[in-house]
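Data first, discussion second: the structure below is written as structure tokens.
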Amino acid sequence: LKQAWQIYKDRTDLAGISLQRQTLVPQKPRKQMEIINQNKPFLYMLVGSIGFSPHWRQWRSFIAWIASVDVESVDIKTPGLVTSDWFDKLDKKQMWTQYFIWFCHQHELYTLYVNLPGRKTLAAHMREKGEHYNGQDGRDFDLATLVNFEFPEHLSKYGWDGMVKYKTSQQSLHHGRLGVLNKSNTPRLLHSTTNETINSITKKMQLDHGFVNIQILNKGYVELTKSWICNVRFFPEVLSRTLFVTTDVISYRELKLFDSNLCVFFEFYDSPADLRYGQHAYYKFMLFRTKLILQILQNGIVVWLTESDAVWLKDPTQIVLNTTGDMVTMSDTHPHRTTQGGFQLLRSTPATISVWTKLVLQFVLKMKSTAIGAEMGDGGSEQIMMNNLVRKEPFLKLNWLDPALFVSGQYYTRGGKSPSNPIVILNNWIIGNAAKKKRAKIWRHWFTDEIGNCLSNTSPLLGTGMSNMVQENNGNRSK
């Protein structure tokens with residue numbers, strides 16, 4: 001168990017490790033079947049409650065969710081599963097596993113099993129007469145006394161039907177003496193596992209800098225990201241403190257080729273390149289980002305979450321870091337304050353983690369109730385959800401950055417007339433990356449040339465001189 005946790009502790013799709021032997025296929029009609037994969041560890045959508053060791057991060061989120069709902073009335077039905085039928089017939093307090101099955105389904109979590117050779121097990125069900133068992137059949141499998149494990153980097157994943165969802169080699173199911181060959185196709189993998197994990201990278205960066213500036217992007221945001229890199233490259237240590245999390249090979253390679261000194265991490269997530277605010281796919285990507293940020297916070301990391309569709313006229317680092325509070329954010333609107341999801345300092349406190357845990361749960365439920373491909377408008381906005389959550393969190397200390405220095409894209413729609421000397425301007429309140437790029441170019445807030453290299457004449461404009469550039473832009477645009 002210790003060795004398995006040492007190898008797999010940083011997986012984002014792992015609910016826990018079970019020492020029992022996998023025997024149940026819960027999708028109706030249910031089957032007593034075992035997964036045969038040469039006795040290697042594998043991931044299965046069904047929790048194994050005997051000898052179960054939960055992942056601390058997922059268990060903490062699960063407990064927080066349980067505390068936030070009425071366990072007697074909350075709907076945790078999983079249609080098509082025999083476990084859901086069992087739950088309907090029992091006292092709701094007697095079957096914690098159905099709550100966890102539902103929770104794992106919402107968060108795409110799996111339990112790690114291994115079916116040992118010789119029909120041995122690491123933890124046996126004694127099958128004594130009691131609340132949930134009528135017979136007295138004794139131990140279901142003999143205990144293994146000598147175990148030799150190999151823990152592969154890549155694990156095959158199996159669904160509730162016992163069929164492989166992601167495979168590293170050909171697999172089969174076993175029922176009595178019959179093996180049923182699995183011929184299902186392999187869909188797209190959701191998470192990558194590498195030797196260097198996002199937890200290890202962020203821990204190292206925090207040791208070096210005290211926090212991590214994180215930007216998460218796919219190939220559709222590469223141009224915006226390159227422009228931002230060119231914008232901030234003369235500010236001391238901004239780029240060395242920034243972790244770029246790329247979700248596809250193209251964006252990873254593009255950034256590494258652009259500047260080999262950048263800290264770039266590849267965490268696979270399949271999404272369209274042309275994400276646009278309001279799309280179902282856009283919000284699915286934002287849910288992925290929200291889960292990843294929560295994972296990093298739960299690992300004790302101070303996160304400065306920024307986005308590349310912005311211009312930094314001066315280095316805001318010291319102002320942001322010297323602002324106290326669990327969460328530090330700028331307002332997306334003026335004069336009424338609303339939290340800005342793309343520019344936040346998040347200190348890893350219980351109050352911050354509580355807000356982000358609730359945000360993930362609320363976000364998941366919203367996406368589950370919305371048809372794939374639907375236009376959602378503001379309906380899936382995690383920023384709006386967060387704006388409500390931060391006001392309800394009893395012990396959260398939320399501080400706001402000076403609206404005269406940190407402004408949203410409404411600055412552009414006001415013609416740049418106020419405030420007069422901002423230091424950070426977000427390029428939001430406009431839909432689509434092409435529109436963002438066009439507006440940035442009009443305002444001379446675009447920092448790459450036609451072939452994607454940094455403009456050579458931007459460095460004198462950075463720092464205090466940039467305010468003059470803004471005033472000059474205002475005049476140009478009014479003409």
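Values as computed for the structure displayed
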quantity	calculated
Distance cut-off 23 Å, percentage of C-alpha pairs in the range 185-320 lying past it	32
Solvent exposure, largest accessible area first (probe 1.4 Å, DNA, RNA and ligands not counted), of Tyr113, Tyr221	Tyr221, Tyr113
Most to least accessible of Trp400, Trp65, Trp86 (protein chains only, probe 1.4 Å)	Trp86, Trp400, Trp65
Cα Rg, Dmax, the range 1-100, angstrom units	14.8, 43
Cleavage-rule hits, trypsin sites (Lys or Arg not before Pro), the range 210-262, DSSP coil, Cβ neighbours within 10 Å at most 15	Arg233
Relative packing of 149-159, 276-286, which averages over residues the other C-beta atoms within 10 Å, highest first	276-286, 149-159
Orphan Cys of the chain, criterion: no other Cys C-beta under 4.7 Å	Cys104, Cys263
Among (i) 1.49; (ii) 1.11; (iii) 1.83, the entry that matches Cα Rg over 2.2 N^0.38 Å as calculated here	(ii)
Exceeding the 30 Å Cα-Cα cut-off - candidates Lys31/Lys291; Lys40/Lys204; Lys203/Lys284; Lys93/Lys129; Lys77/Lys204; Lys219/Lys438	Lys31/Lys291; Lys40/Lys204; Lys77/Lys204
Selection of GluC sites (Glu not before Pro), the range 190-288, meeting DSSP coil and at most 13 other Cβ within 10 Å	Glu196, Glu237
Compactness of the range 17-57 as Cα Rg over 2.2 N^0.38 Å, two decimals	1.24
Enclosed volume per residue, in Å³, of the convex hull spanned by Cα atoms of the range 255-361	162
Antiparallel DSSP beta bridges within the chain, as percent of all bridges there, nearest 5	55
The chain - percent of accessible surface contributed by carbon and sulfur, probe 1.4 Å	53
Where trypsin sites (Lys or Arg not before Pro) fall in DSSP loop in the range 367-462, at most 16 other Cβ within 10 Å	Lys397, Arg414, Lys417
Rounded to the nearest 10 Å², the accessible area of Asp208 at probe 1.4 Å	100
Accessible surface, the chain, averaged per residue in Å² (probe 1.4 Å)	47
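The values are calculated or read from the model by the stated rules, or taken from the named source; none is laboratory data. Fair warning: this is a prediction, and the values are worked out from it, not measured in the lab. Cβ sites come from the backbone with ideal geometry, for glycine too, and all protein chains shown count toward neighbours. Calculation scope for accessible area: heavy atoms of the full protein, side chains included, ligands and nucleic acids excluded. Shrake-Rupley method; radii C 1.70, N 1.55, O 1.52, S 1.80 Å.
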